[in-house]
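See below for the structure under consideration.
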Amino acid sequence: MAFYDVADLFLCASQHEGFCVPIVEAFHEGVPVLAYAATAVPATMAGGGVLYETRDPMEVASLMHAVVDDASLRERILSSQDAALGSLRRQDFAGTLLRFVDRVLGLPRRPAPEVAFDFWHQFRDADRLKALRQYRPAAFEALPYPPDVRRAGRAMKDLE
């Protein structure tokens, strides 16, 4: 919370967010939020803060400067965030989750999947290989790879 106390703004530049809790925390702490409009971020912001769609760092820096430099803009952003917080508080997250669980529990049970006859042997071998990789990495690297894995390894090295 100390970081929010000293922050001039909160920048979320992530392209891969679900429900981004730090955005809501920044709203709650009265820190203006600038966030990249990707995945679930617009829904999380619920109309508060500032969404941007550019990946150009100069444009993002310009937005940041405008928020920090313009007190009236900052106040409008904080007001929008307060309204968004109110909207989020009115949502019934627990009820939504319980309805989903009830719906899943109401579905007919699927038959158990078939297990290969050598499943437990494969499971044991995977544990042994994991230990070998951890404690004897050179030995693990010396193991022969199937041709498709060898090709994939070469392709990855080519990309590097």
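The values are calculated or read from the model by the stated rules, or taken from the named source; none is laboratory data. None of the values given here were measured: they were computed from a predicted structure. For neighbour counting, all protein chains shown are included, and Cβ atoms are generated from backbone atoms with ideal geometry for every residue, glycine included.
Name the helices (runs of 4 or more DSSP H) wholly inside the range 1-60 in which the number of residues that are over 17 Å from Asp82 (Cα atoms) is 1 or more.
Details: elements: 2-6, 21-28, 41-45.
Answer list for the range 1-60: 2-6.
Taking the range 67-81, which residues are assigned to a helix (DSSP H, G or I) and either among the basic types (Lys, Arg) or loosely packed, with under 14 Cβ neighbours inside 10 Å (or both)? Give the derivation first.
In the first step, residues of the range 67-81 are kept if they are assigned to a helix (DSSP H, G or I); the result is 67-69, 71-81.
Correct list: Val68, Asp69, Ala71, Ser72, Arg74, Glu75, Arg76, Ser79.
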Practice item. With respect to Ala37, determine if the residue is modelled with pLDDT of 95 or more, in contact with an Asp or Glu (Cβ under 6 Å, 6 or more places away or on another chain) and farther than 20 Å from Tyr4 by Cβ. Key: yes
Point to revise | Contacts under 8 angstrom Cβ, first residue in the range 18-40 being surrounded by fewer than 19 Cβ atoms within 10 Å (Cβ to Cβ), partner part of a loop (DSSP other than H, G, I, E, B) and of a type in the set (Phe, Trp, Tyr), 6 or more apart | key: Ala40/Phe19
Practice item. Using the structure shown, decide if Ser62 is over 14 Å from Pro32 (Cα atoms) and at pLDDT 95 or above. Key: yes
Revision key, fill the gap. Of (1) surrounded by 10 or more Cβ atoms within 10 Å (Cβ to Cβ); (2) within 23 Å of the chain's Cα centre (by Cα); (3) among the charged types (D, E, K, R), Arg99 fails just (2)
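Within the range 82-120, which residues are in a helix (DSSP H, G or I) and either charged (D, E, K, R) or in contact with a Lys or Arg (Cβ under 8 Å, 6 or more places away or on another chain) (or both)? Reasoning before the result, please.
To start, the set of residues in the range 82-120 that are in a helix (DSSP H, G or I) comprises 82-90, 93-106, 119-120.
Passing the criteria: Asp82, Arg89, Arg90, Arg99, Asp102, Arg103.
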**Study point:** Filtered residues of the range 45-60 (kept if hydrophobic (A, V, I, L, M, F, W, C) and more than 23 Å from the chain's Cα centre (by Cα))
**Key:** Met58
